[in-house]
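To keep things clear, I will list the structure first and then write my remarks on it.
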Amino acid sequence: MSVTFKVQKSFLIITVAIIIAISVSLYAIGVALDNKNSKDVPILMYHSIIKDESKWNDYVLSPVQLEEDFIWLKEKGISLSLSATL
C-alpha cells in the first residue's frame, strides 16, 4: 500500500510541476505578445541645466543649449511630453 501511495504522490508532484511550467510558459508568451502591441517611448534626460559655464559638460547644459535642443527636436517632428502625462 505504501509503495502505491509513494508512486501516486510522485506522479502528482510531477504533474503539478508540469502544469506550473506550462502556465509560466504561457504567461511569458502572453507577455511577449502583449509587448509587440506596445509602443516604445524614447527617454531624453538632462541631469542639470545651469547658467555657470564652468560646470557645463555632457550632462550639464546651459539654458540656451536646452532651448536649442528642444527646437531641434521640434524641427525633426518629435513631440515632447512630461513623464507625468505618459
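Remark: region 43-51, residue by residue, has Karplus-estimated 3J(HN,Hα) of 10, 10, 10, 9, 6, 8, 10, 9, 6 Hz, where x stands for each Gly or Pro and the curve is 6.51 cos²θ - 1.76 cosθ + 1.60 at θ = phi - 60°. Computed from label points 7 Å out along Cα-Cβ, the spacing between LEU73 and SER48 is 2.1 nm.
The numbers here are math on the coordinates, done by the rules we state, and not lab data. Please read these numbers as outputs of a predicted model, since none were measured by experiment. Backbone-built Cβ (ideal geometry, glycine too); neighbour counts: all protein chains shown.
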